[in-house]
Each structure stands twice: as structure tokens, then as C-alpha cells.
2 protein chains.
Amino acid sequence: MAAERGLAMATCTAPVNIAVIKYWGKRDTDLILPINSSLSVTLHQDQLKTTTTAAASRDFTEDRLWLNGKEADVGHPRVQACLREVRRLARKRRGGGEDTATLSLSYKIHIASENNFPTAAGLASSAAGYACLVSALARLYGLEEELSEVARRGSGSACRSMFGGFVQWQRGERPDGTDSLALQVAPETHWPELRVLVLVVSGEKKPVGSTAGMQTSVETSPLLKHRAEVVVPERLAQMMRHIRERDFEGFGQLAMRDSNQFHATCLDTFPPIFYLTDVSRHIIALAHRYNAHHGHTKVAYTFDAGPNAVIFLLDEAVAEFVEVVRRSFPPSTNGDQFVRGLPVGSAVLSQELVAAVVSEPVPGAVQYILHTKPGPGPQLVDDPSQHLLGADGLPRSRA
Amino acid sequence: MAAERGLAMATCTAPVNIAVIKYWGKRDTDLILPINSSLSVTLHQDQLKTTTTAAASRDFTEDRLWLNGKEADVGHPRVQACLREVRRLARKRRGGGEDTATLSLSYKIHIASENNFPTAAGLASSAAGYACLVSALARLYGLEEELSEVARRGSGSACRSMFGGFVQWQRGERPDGTDSLALQVAPETHWPELRVLVLVVSGEKKPVGSTAGMQTSVETSPLLKHRAEVVVPERLAQMMRHIRERDFEGFGQLAMRDSNQFHATCLDTFPPIFYLTDVSRHIIALAHRYNAHHGHTKVAYTFDAGPNAVIFLLDEAVAEFVEVVRRSFPPSTNGDQFVRGLPVGSAVLSQELVAAVVSEPVPGAVQYILHTKPGPGPQLVDDPSQHLLGADGLPRSRA
């Protein structure tokens with residue numbers, strides 16, 4: 001929190017996460033309480049992050065919000081829910097009376113938020129966004145407690161972005177949601193060899209938003225009900241064991257099965273929801289051929305509410321699999337920027353591998369590959385030059 | 001049965017059927033006993049049928065089989081199972097001793113079978129084929145009992161092609177399969193307005209055969225187990241009520257839901273099975289937009305283990321919906337043969353309808369539409385000139 005001329009300011013960054021046991025469906029749409037627990041891997045902020053600056057000043061005349069440089073509706077109910085909850089906790093902490101040394105809760109706030117990746121590309125930008133908003137607000141008001149419950153009020157999966165590494169969002173039992181929290185299963189350092197490739201698929205915007213889609217599923221899919229009640233509790237326990245044991249075979253198989261089952265419940269929704277496209281099908285088939293060729297699970301796919309594929313694999317498999325993807329989905333341009341993120345070595349594919357795995361290339365179907373790995377939770381940005389708001393409380397103009 | 005120079009011959013035709021409560025998975029792969037009951041509509045043989053001639057003679061030196069004019073393997077276990085069961089029933093009927101007036105069960109047989117539609121186009125050709133084989137053999141040996149149990153041994157869904165109209169294949173409980181039979185729910189005359197459009201989708205052969213696919217599903221899909229045990233029993237009772245009451249809204253909605261759920265269990269299989277393609281998705285979305293525009297269920301889709309769509313609708317909707325399909329999937333050729341089968345009137349689409357329903361046409365995606373309706377079960381062909389085998393017991397050469 002920086003204070004000058006009555007202006008307090010805090011900047012944080014927060015990560016996206018990708019679920020390996022999927023969340024789909026709320027039992028309480030207002031409090032955002034899920035019908036089942038879920039489990040995710042937090043991705044590294046060097047590749048994918050949101051940065052948010054929150055500022056408060058007695059000179060501000062209204063609350064304001066900027067997303068990626070454009071002013072947005074600060075009255076959005078979910079933004080308001082986060083703001084209200086953070087202020088409520090701050091008030092509780094202060095035990096009532098205002099203290100001149102602390103920031104007044106009555107000051108209006110300005111918030112600016114930016115992603116270092118395209119919004120709404122199916123890359124869980126809302127999870128990073130709300131985790132970052134809550135982290136920045138908490139810093140601004142000097143809160144130190146665990147705030148996944150507050151982030152959950154912004155976007156369900158945002159609560160999982162409040163921790164690094166491997167994170168469980170436990171369903172909880174209480175009607176008020178106070179036990180529907182994120183818990184770290186293992187830190188990002190737990191499995192140093194684990195790598196993640198995001199295969200960004202071209203075109204086609206999301207046909208049904210996840211908020212509307214999941215409630216239609218809750219109302220119409222008999223299979224989702226069974227999944228939430230019976231299948232997920234078993235799978236969650238299994239997945240935690242695989243992670244603890246760094247058992248890639250078990251982890252990868254279960255991640256793929258759970259992704260498929262989530263999309264199965266979308267198809268069992270009425271009217272049905274399709275997030276997987278023919279390109280996703282090609283990627284899935286490719287992963288199974290690749291694993292079959294090697295005789296064990298070397299890569300595991302998972303898909304959220306969009307066509308992009310997220311591939312888990314160990315570092316030793318990255319160079320070869322990236323080359324397999326490049327051969328299967330030849331870049332439509334010169335391919336300069338086809339691989340982004342962490343460096344990828346070069347690999348020569350054996351003829352047997354190509355013959356067994358690379359069938360019928362689909363040029364241009366994969367836009368680019370982002371290479372990343374598990375990473376830490378939200379971070380405080382200490383350097384004041386990194387604030388997204390200037391001393392006037394308005395977004396800094398960027399050259 | 002025609003007998004000349006020691007040659008006995010019988011010819012039958014049999015229909016295909018399309019399930020509205022789907023069969024997927026066997027509890028006994030040898031006896032072909034399903035994990036759940038299913039329900040289908042028998043399609044009219046004027047549009048889709050198999051014709052089979054079975055002949056027996058003391059002069060035949062070996063069993064032989066011709067499919068669509070080409071000799072095929074008569075030793076196929078499922079063909080043998082049907083042959084064995086029919087002979088066993090004939091023997092039982094005769095009470096042991098051979099009678100000179102009846103056809104000797106020791107004679108070798110010749111069988112010729114033809115479809116009036118492309119085999120393996122995902123049009124349930126095996127159901128019609130085995131129903132026809134069993135019907136022709138039964139005629140040859142003078143059997144008069146209900147033989148759905150025998151047809152089931154050829155192909156599970158073949159038992160449903162042993163009746164016309166609306167047919168239930170009841171799961172049964174006995175380990176020997178004697179109660180896993182087809183039962184007619186209502187004859188083809190029960191719902192005179194009901195029509196069927198088969199949208200034959202271009203290209204792409206079936207990726208996973210249904211026999212192998214369904215057993216992988218039984219072994220790996222937790223959702224299929226729940227579907228078979230809990231969901232289908234409820235749905236079967238509902239569907240029979242909708243059919244009895246000729247309630248198209250209920251019938252159509254449930255048919256769509258059950259088709260989607262079947263494909264959901266395919267996706268929940270590991271590795272996942274995809275029968276729906278992007279074209280199927282387009283057809284599904286089109287049907288929902290069309291129904292939404294009209295404010296009620298005018299058309300209902302169902303998909304089997306292939307990309308072709310089968311659309312149920314009432315006669316008054318045919319002309320308009322065919323025009324909607326033509327506009328949504330403009331024929332790549334001149335469109336002469338785009339609509340086949342029963343005549344279809346012409347329709348002019350309102351601008352509102354086109355605006356609301358026809359979005360982003362996909363030229364050439366639908367090869368042609370076959371217009372048909374519910375029809376009767378297997379038929380005896382009395383006219384000897386229609387036998388597929390000649391007096392020499394070999395396939396007739398067709399000019």
C-alpha cells in the first residue's frame with residue numbers, strides 16, 4: 001500500500017489455474033457454492049497472469065474500474081460482492097471504530113486490471129481476475145487472512161487461484177458457504193518436472209458462457225447429478241494421492257477421464273452444450289495415439305469450457321511432443337511464434353513415431369503453443385513504477 | 001418355401017429400426033444380453049430394407065453366403081449362431097424324428113442378402129440383415145414362433161427389427177437370455193402422422209465399431225452404468241406413455257435427450273468415442289433453433305453410432321423443415337436427388353424463420369435426405385421371381 005497525497009494504492013498479480021477434477025454446477029448461485037469439490041493446477045505467472053492495482057482516496061468521487069485499459073462497469077454484482085466482502089472483513093478486523101492510521105472504508109476506489117494474455121480465450125481469465133482483485137483490495141485494506149472465500153464470490157474457480165501449486169476447492173457443507181474454501185494440496189515446488197502446454201485453438205468464440213451453461217446442466221443433466229454425488233468424491237481422493245506420489249500415469253489418466261466426463265455432462269445437458277470441436281477431437285486422438293505408441297501415459301489433455309487444449313506432461317517429453325503437435329497442425333504462417341513461453345528444445349521424430357502418431361495433418365488448426373509450468377499464488381508488486389494507476393488515480397498511459 | 005428338384009427356398013424382407021431409447025452395452029457378449037432395455041421405431045421398407053433368400057438342398061456341398069452379390073464368410077460366429085438356433089428350434093418342433101415331408105436339417109444352405117441402401121452407412125444395416133436372415137431361415141424350416149430371441153443372437157438391435165411400428169427390446173433378467181426379447185409397443189398404424197427424415201452426412205467412416213465401442217464403455221464409463229441402472233428404466237416408461245398418447249412434444253424431447261445421453265456415455269468412455277462431428281453439432285443446433293422459433297418441439301433428432309441424423313417430425317412439418325435443411329446445407333451438386341423417398345411438398349420460408357434459424361450455411365455437409373415413416377416388420381416375399389437365388393442355388397445375375 002503506497003500512500004501519497006491521501007492516495008493509497010496496492011498492486012498484485014494472480015495466476016490462472018486449470019482444473020484436473022472439474023467444477024461444473026452451483027448448488028447456490030448467489031454465494032457461488034459448487035455441487036462438487038474440484039482440484040486444479042495453478043499455472044506460472046511468467047506466462048499467464050493478471051495484474052491489478054487498487055487505489056482509494058478521499059478525492060475520488062465514485063468507484064471506477066478499468067479492464068485492459070478500458071473503463072468497465074464497476075457495478076457488476078460480482079465485483080460488488082468482492083468489494084463488499086473485503087470491506088466487511090476490514091471493518092470486522094478493526095473492531096468497529098475508524099482509526100486515523102488506517103485507510104477509511106468510506107473512500108471510493110479505483111481499480112485497474114490487465115492480463116498478459118487475451119481475455120476470454122478460454123484461459124480462465126475470470127479466475128485470475130477475481131483472485132487478483134481480491135488480493136489487491138486485501139493489501140489496500142491491510143487484510144492478512146486467507147481470502148479464497150471472498151475470491152469465490154467473484155468467480156467460483158477464482159478461489160483456486162489464491163494458492164500456488166496444486167489446489168483443492170472443497171465443496172463445503174454449510175449453507176452460508178464459510179467452509180467452501182480453497183486449500184493447497186501441494187506447493188508448486190512439489191513436482192518440479194511437471195510441465196504444461198496450452199494449445200490455443202483458432203477461432204470460434206465460446207457458444208454458451210459457463211455461468212449460464214452450468215446451471216442448465218444442473219437443471220437438466222441426470223448424469224451431472226450422479227457425477228457430483230458419486231464419481232467426483234472418489235476421483236478427488238484418487239487425484240490427491242496421484243499428486244502426492246507424483247504418479248504421472250495416474251494423474252494423467254484421471255485428468256483425461258475427468259475432462260471427458262465434464263464434457264459428457266455438457267452433452268447430457270438439454271439443449272446440449274458443446275465445447276469440444278473437431279479440432280479438440282483431433283488433439284484428443286493425437287494424445288491417445290502418442291501414449292499408445294509409447295506404451296504409457298506421456299501426455300494428458302484437459303479441456304475447459306472452450307476448445308483450447310491444456311496438455312500436462314513431464315519435462316523430458318516436451319520437445320518431442322511439441323514437434324508432434326507442429327507436424328500434426330502445421331502453422332499457417334512461418335511459425336515464428338508457434339511456440340511461446342518457456343524454451344523448448346528441438347527433437348527429431350523417429351519414422352515409427354511419425355507413422356504411428358501423425359495422421360492427416362490439419363494445417364492452421366492450432367494457433368500457437370504456450371509452454372508453462374505450475375507456479376505460485378498471488379504476488380504483491382512492490383515496485384511503485386508497476387502500478388497500473390498513476391498518482392492521479394487514473395490508468396497510466398502506456399507508450 | 002418353394003421346392004423344386006429337391007431345392008427349398010424362402011425369401012423375406014426386413015426393416016431397419018432407429019432407437020429412441022438407446023441400447024449401448026452388453027451384460028453378456030456371447031448371448032448378446034443388454035445392460036438396459038431399449039425402444040425403437042421400425043422404418044418403412046419402401047425406403048430401407050434388406051431382402052434375404054435362404055435355400056436348402058441335398059445337392060449343396062457346403063453352406064454359402066452372399067452379401068450384396070459378393071460371397072462372404074458363412075462361418076461368421078453370429079451367422080452361425082442364428083443358423084444353429086433356428087435349426088435347434090426346428091428340431092425341437094419336430095420332436096426328434098425326421099419326417100420325409102419336411103426339409104432335412106442336415107442339408108447345407110445357401111443364403112443371399114441385399115440391401116436397398118448402402119451398407120455400413122450407419123443405417124443399422126446389421127439389424128435389418130440379421131432380422132431378415134432369421135425370418136428367411138424360419139420360413140425355410142417352417143417355424144412359426146416369435147424369433148426375436150434368435151435375431152438378437154445375430155445383432156442385438158436386430159431383435160427390434162422383427163416387429164413393425166414401435167418396439168421395445170426388454171432387457172430381461174435370466175442368465176440364459178430367454179426373456180431378453182422384442183415386444184411390440186404399438187403397430188405402425190398407431191401414429192399415422194409420424195414421419196422420419198434421415199439426413200445422410202457426407203464422408204468419414206465410423207471411427208470405432210459399435211461392438212467394440214460399447215464394451216469399452218461398459219468397462220470404463222461410470223456414467224453408462226448409472227444410465228443403464230437408473231436413468232433408462234424411468235425413461236423407458238415415459239417413452240411408452242408418450243407413444244401411446246401420440247404426444248410428439250414428449251416423444252421428441254425425450255428422444256433428443258436420450259440420443260445426447262448415449263453420446264455423452266461415449267465421451268465418458270476411455271479412450272473417448274466420438275460419433276458426433278461438427279456437422280452433427282450443426283444439425284443439433286439447427287433443430288433447437290427451429291423448435292425455439294416455433295415455440296415447441298416440431299422436430300427431434302437422434303444419432304446412432306455414426307454422424308447421420310435421424311429426424312422425427314409430423315407430416316405437416318416435413319415440407320418446411322426439408323427446405324430449412326436445404327437452405328442450411330446447400331447441396332453441392334444440382335440438388336436433383338437431394339430429397340429421396342416419400343414425396344415432399346414445397347414450402348416457402350418466412351423471412352423471420354430464415355433469420356432465426358438458418359445461420360451460416362455449410363454447403364455439401366448433408367449428402368441427401370431420405371423421407372420415410374414407421375413401417376411393418378419382416379415380410380414374406382411370395383413371388384418366386386423375387387428370389388435372390390436361382391434354381392441352381394446361386395445368386396441370380398442381375399442385368
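Take each residue in A:227-234, count the other chain C-beta atoms within 10 Å of its C-beta, and the mean is 2.
Per-residue extension of 0.36 nm, minus the Cα-Cα distance of B:Glu234 and B:Leu314, leaves a gain of 26.3 nm for this segment. Ordering A:32-39, A:47-54 by mean Cβ neighbour count within 10 Å, with the highest value first, yields A:47-54, A:32-39.
Other protein chain C-beta atoms within 10 Å of residue C-beta, averaged over B:280-289: 2.
Based on C-alpha pairs under 8 angstrom that are at least 6 apart in sequence, the stretch B:194-372 has a relative contact order of 33 percent.
Under a 5 Å amide H cut-off, with hydrogens placed 1.01 Å from N, A:Arg64 pairs with A:Ile109, A:His110, A:Ile111 among residues at least 5 apart or on other chains.
Annotation: Cα Rg of the stretch B:36-180 relative to the compact-globule expectation 2.2 N^0.38 Å equals 1.06. Here each label is just a point 7 Å from Cα along the line to Cβ, and for A:Leu183 and A:Ala72 those points are 3.1 nm apart.
Potential lengthening of the chain between B:Asp247 and B:Arg340 amounts to 30.8 nm, from the contour at 0.36 nm per residue minus the alpha-carbon distance. Using only Cα atoms and rounding to the nearest 10 degrees, what angle (0 to 90) does helix A:248-267 make with the longest principal axis of chain A? It is inclined by approximately 80 degrees.
Summarising the amide proton neighbourhood of A:Gly390: residues at separation of 5 or more, or on other chains, whose placed amide H is nearer than 5 Å comprise A:Arg396.
If the reach is capped at under 17 angstrom between alpha carbons, list the lysines near A:Lys225, excluding any in the same chain fewer than eight residues apart. Output for A:Lys225: A:Lys22, A:Lys26, B:Lys225. Could you name the aspartates and glutamates in cross-link range of B:Lys108, using Cα to Cα under 19 Å and dropping any fewer than eight places away on the same chain? Straight-line reach from B:Lys108, under 19 Å: B:Glu4, B:Asp59, B:Glu62, B:Asp63, B:Glu71, B:Asp73, B:Glu85, B:Glu98, B:Asp99, B:Asp392. Taking a ≥ b ≥ c as the square roots of the eigenvalues of the Cα gyration tensor, the stretch A:156-201 is oblate, since a/c reaches 1.5 or more and a/b is not larger than b/c. Dividing the Cα radius of gyration of the stretch A:194-372 by its Kirkwood radius returns 0.98 for Rg/Rh. Computed from the C-beta positions of B:Val362 and A:Glu219, the FRET efficiency with R₀ = 30 Å rounds to 0.50.
Peptide A:254-260 has a mean shielding of 4, counted as Cβ atoms of other protein chains within 10 Å of each residue's Cβ. Treating each Cα of the protein assembly as shown as an identical point scatterer and summing with the Debye formula, the log10 of I(q)/I(0) at q = 0.09, 0.10, 0.11 Å⁻¹ comes to -0.92, -1.07, -1.21. Amide H to amide H, with H built 1.01 Å from N, B:Lys49 comes under 5 Å of B:Asn116, B:Phe117, counting only residues 5 or more places away or on other chains. Placing one equal scatterer on every Cα of chain A and applying the Debye formula, the log10 ratio I(q)/I(0) at q = 0.09, 0.10 Å⁻¹ is -0.55, -0.67. Note that the stretch A:1-99 carries a Kirkwood radius of 16.7 Å, evaluated over its alpha carbons pair by pair.
The angle between the Cα long axis of helix B:210-220 and the main principal axis of chain B comes to about 70°, on a 0 to 90 degree scale.
Straight-distance candidates among the aspartates and glutamates for linking to A:Lys298, with alpha-carbon spacing under 18 Å and chain neighbours fewer than 8 residues away dropped: A:Glu193, A:Glu245, A:Asp247, A:Glu249, A:Asp258, A:Asp315, A:Glu316, A:Glu320, A:Glu323, A:Glu352.
Ranked by the mean number of other Cβ atoms within 10 Å per residue, highest first, peptides B:216-226, A:83-93, A:18-28, A:69-79 order as A:18-28, B:216-226, A:83-93, A:69-79.
Dividing the summed helix terms, -39500 (n - 2.57) for each DSSP H run of n ≥ 4, by the number of residues in the protein assembly as shown produces a 222 nm estimate of -10000 deg cm²/dmol to the nearest 500. Relative to the longest principal axis of the Cα atoms of chain A, helix A:77-94 runs at roughly 50 degrees.
A short reminder: the numbers here are calculations on the coordinates, not readings from a lab. What you see is a predicted model; the values in this text were computed from it and never measured. FYI the Cβ positions are ideal-geometry reconstructions off the backbone, even for glycines, and counts take in every protein chain you see.
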